[in-house]
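This report concerns only the one structure given below.
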2 protein chains.
Amino acid sequence: MYLATMQIEQFKEKGYLLIENLFDEREVELIRTEMLQVIAEDCPRRILEKNGSVRSFFAPDHSNEIFEKIVKLKRLVIPAAQLIGTDVYAHQTKINSKSAMTGDWWEWHQDYTYWKKDDGMPAADVLTAMIYLNDVNEFNGPMLLIPGSHKIGTVDEGENISGDGENGNNWFEEYKTSTFYMTALTADLKYTLKQEEIARWAKQRGIESAKGPAGSVLFFHGNVFHASSNNLSPWDRYSFLVTYNSVNNQLEAVEKPRPEFIASRNFDKIVPVHDHL
Amino acid sequence: MYLATMQIEQFKEKGYLLIENLFDEREVELIRTEMLQVIAEDCPRRILEKNGSVRSFFAPDHSNEIFEKIVKLKRLVIPAAQLIGTDVYAHQTKINSKSAMTGDWWEWHQDYTYWKKDDGMPAADVLTAMIYLNDVNEFNGPMLLIPGSHKIGTVDEGENISGDGENGNNWFEEYKTSTFYMTALTADLKYTLKQEEIARWAKQRGIESAKGPAGSVLFFHGNVFHASSNNLSPWDRYSFLVTYNSVNNQLEAVEKPRPEFIASRNFDKIVPVHDHL
């Protein structure tokens, strides 16, 4: 699938592009079924909410063929390459499970901040494709975005050092000293944007919520300001996210690299060969 | 102002009724200005969020003439009496300030549970009029309600005894032992509904969000299930709430009555004499 010029223009203007029904019902059902098996595994790739439910699961494609296949689908890789303007590789993949009644919120942040500071990514030539595995409505914590905020660049903000690791993850407790990167992954984000800064931009440019049916895909720029509320509804809001980075934007060496399952250092361009799940 | 039959029917059916623009711009501006003075007072009636911002301020009408006047306005008292079916008095009044960027969430709950268990209110012949002091949109934490849930009656649920008083309120720390009633007032609610129960009803009946312009008034039944998300937007969501109870539903004696500013024991019916602020 190739994007139309108008779609590319919209991405450049707003910093995101929602395409509905890029996956059909059968495919969504298949992915959801695989997902439940994947996230059942208690391992370092699994991050829990403070209340003990699963928040994220990194690199499901490392242990599951369906997820491995999704990352290389034409309908994702071709648009990603068009929007970035070069060939791409997958920098990070993860499942975010904002579960019914328990899914917690995400503070306003820019993804690229983490990839720059923690992973040594030189430029923001990077985007994420978020595949909706459930219908996303106003009640189950849709992603909120500030249109055009990716043009502001990376906002310089302080590190939030209050992260106290209260995420109910035993694995975290056990390896606390070595898992410095965990602070980027729980509800207490390591880098968050200054509230006054966000408030100023949101007042000026408004906020949009990316609602859409299961099977939709949201492509969003690494620098766009985004957040989401907790899920007070009885409807899960699962999603699978693939971050595509330009092959010309490979990670530089950093002092304490995060694990391969969070920041891949396999920079081979993806050659999308199939489009069937 | 008298409600039309259709409005009364809607309240009976759904458990709430939103009337837009019951207060005009000048009045809303006036109330907001008075409010900022009122909530600046550091006193036992003021409840803080965990992050230190004001969450609620009880009985602003005890210290401010404008709020005292609002409670007795014809446009509130007459509809309240129509919906309840008898004369009414004010059981509780408070400002809820879900501030921009910082306002915290409210778990699913039924108000009447508190009034029954903590205040000795015999029946659920009680409703709250919530006056919107800002535009309420999908981003600043609108009240979420499950239509028709008031018909289920009061759901029997356990006490949430995990309330740890982490609300940053010094006054709370000082008087911890005597302020048992505080647990009903912070983000860690004392009585919350079982998640499975809520999920079941919400799936069956759906969820509605009570969005509307500043000056709107939401009348909602004491037994209706409601909740609201945190406020991730740059727009405040202040409101003033007056709980009207039937004069035939006076509080019975309880072992440890909550303070007068939380549960009034002046049961005199309100005679609404004016409708001007």
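The values are calculated or read from the model by the stated rules, or taken from the named source; none is laboratory data. Keep in mind it's a predicted model, so treat the numbers as computed, not measured. When we count neighbours, we look across all protein chains shown, and the Cβ atoms used for this are built from the backbone with ideal geometry, even at glycine.
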Restrict the check to the range B:91-109 and report whether at least one residue is under 16 Å from the mean Cα position of the chain (by Cα), surrounded by 24 or more Cβ atoms within 10 Å (Cβ to Cβ), of a type in the set (A, V, I, L, M) and assigned to a strand (DSSP E or B).
-> yes
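Does B:Tyr112 satisfy the condition of being over 30 Å from A:Ala227 (Cα atoms), touching a residue at least 60 places away in the same chain (Cβ under 8 Å), in contact with a strand residue (DSSP E or B) (Cβ under 7 Å, 6 or more places away or on another chain) and not in a strand (DSSP E or B)?
Numbers: over 30 Å from A:Ala227 (Cα atoms): yes; touching a residue at least 60 places away in the same chain (Cβ under 8 Å): yes; in contact with a strand residue (DSSP E or B) (Cβ under 7 Å, 6 or more places away or on another chain): yes; not in a strand (DSSP E or B): yes.
Spelling it out, B:Tyr112 is indeed over 30 Å from A:Ala227 (Cα atoms), touching a residue at least 60 places away in the same chain (Cβ under 8 Å), in contact with a strand residue (DSSP E or B) (Cβ under 7 Å, 6 or more places away or on another chain) and not in a strand (DSSP E or B).
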Looking at this structure, is A:Leu185 out of contact with any helix residue (DSSP H, G or I) (no Cβ under 7 Å at 6 or more places or on another chain), at pLDDT 65 or above and not aromatic (Phe, Trp, Tyr)?
-> no
Give the range A:205-229 a look and list any residue that's within 14 Å of chain B (Cβ to nearest Cβ) and of a type in the set (S, T, N, Q), or say none.
-> A:Ser209, A:Ser228, A:Ser229
Does the range B:53-60 include one or more residues that are assigned to a helix (DSSP H, G or I) and over 19 Å from B:His221 (Cα atoms)?
-> yes
Answer yes or no as to whether A:Phe261 is outside any loop (DSSP other than H, G, I, E, B) and touching a Pro at 6+ places or on another chain (Cβ under 8 Å).
-> no
Are any residues in the range B:1-26 more than 20 Å from the chain's Cα centre (by Cα) and under 19 Å from B:Asp275 (Cβ atoms), and if so, which ones?
-> B:Met1, B:Tyr2, B:Leu3, B:Ala4, B:Gln7, B:Asp24, B:Glu25, B:Arg26
Subset of the range A:45-73 [in contact with a helix residue (DSSP H, G or I) (Cβ under 7 Å, 6 or more places away or on another chain) and surrounded by fewer than 17 Cβ atoms within 10 Å (Cβ to Cβ)] = A:Ser63, A:Glu68
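Could you identify the single residue in A:Gly215, A:Gly222, A:Gly206 that is modelled with pLDDT of 95 or more and out of contact with any strand residue (DSSP E or B) (no Cβ under 7 Å at 6 or more places or on another chain)?
Details: A:Gly215 fails: out of contact with any strand residue (DSSP E or B) (no Cβ under 7 Å at 6 or more places or on another chain); A:Gly222 fails: out of contact with any strand residue (DSSP E or B) (no Cβ under 7 Å at 6 or more places or on another chain).
That would be A:Gly206, the only listed residue that is modelled with pLDDT of 95 or more and out of contact with any strand residue (DSSP E or B) (no Cβ under 7 Å at 6 or more places or on another chain).
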Could you tell me whether B:Leu277 is more than 14 Å from chain A (Cβ to nearest Cβ), over 30 Å from A:Ser53 (Cβ atoms) and modelled with pLDDT under 95?
-> yes
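Test of understanding: among B:Val242, B:Val224, which residue is buried (at least 19 other Cβ atoms within 10 Å of the Cβ), under 17 Å from the mean Cα position of the chain (by Cα) and assigned to a loop (DSSP other than H, G, I, E, B)? Break it down into steps so the answer makes sense when it comes.
Details: B:Val242 fails: assigned to a loop (DSSP other than H, G, I, E, B).
So the residue among B:Val242, B:Val224 that is buried (at least 19 other Cβ atoms within 10 Å of the Cβ), under 17 Å from the mean Cα position of the chain (by Cα) and assigned to a loop (DSSP other than H, G, I, E, B) is B:Val224.
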Restrict the check to the range A:262-271 and report whether at least one residue is touching a residue at least 12 places away in the same chain (Cβ under 8 Å), surrounded by 14 or more Cβ atoms within 10 Å (Cβ to Cβ), more than 21 Å from A:Leu83 (Cα to Cα) and touching a Lys or Arg at 6+ places or on another chain (Cβ under 9 Å).
-> yes
If we keep just the residues of the range B:55-108 that are farther than 22 Å from B:Asn249 by Cβ and polar (S, T, N, Q), which is modelled with the lowest pLDDT?
-> B:Thr102
Is the range A:58-69 home to any residue that is closer than 29 Å to A:Asp268 by Cα, in contact with a Phe, Trp or Tyr (Cβ under 6 Å, 6 or more places away or on another chain) and among the acidic types (Asp, Glu)?
-> yes
Cβ pairs under 7 Å, 6+ apart, first in the range B:144-161 and closer than 15 Å to B:Ala202 by Cα and at pLDDT 80 or above, second hydroxyl-bearing (Ser, Thr, Tyr) and surrounded by 16 or more Cβ atoms within 10 Å (Cβ to Cβ) | B:Leu144/B:Ser209; B:Leu144/B:Ser228; B:Leu145/B:Tyr16
Got at least one residue in the range B:137-145 being surrounded by 23 or more Cβ atoms within 10 Å (Cβ to Cβ), at negative phi and in contact with a helix residue (DSSP H, G or I) (Cβ under 7 Å, 6 or more places away or on another chain)?
-> no
Every listed condition ((1) assigned to a loop (DSSP other than H, G, I, E, B); (2) touching a Lys or Arg at 6+ places or on another chain (Cβ under 8 Å)) holds for B:Lys256 save (2)
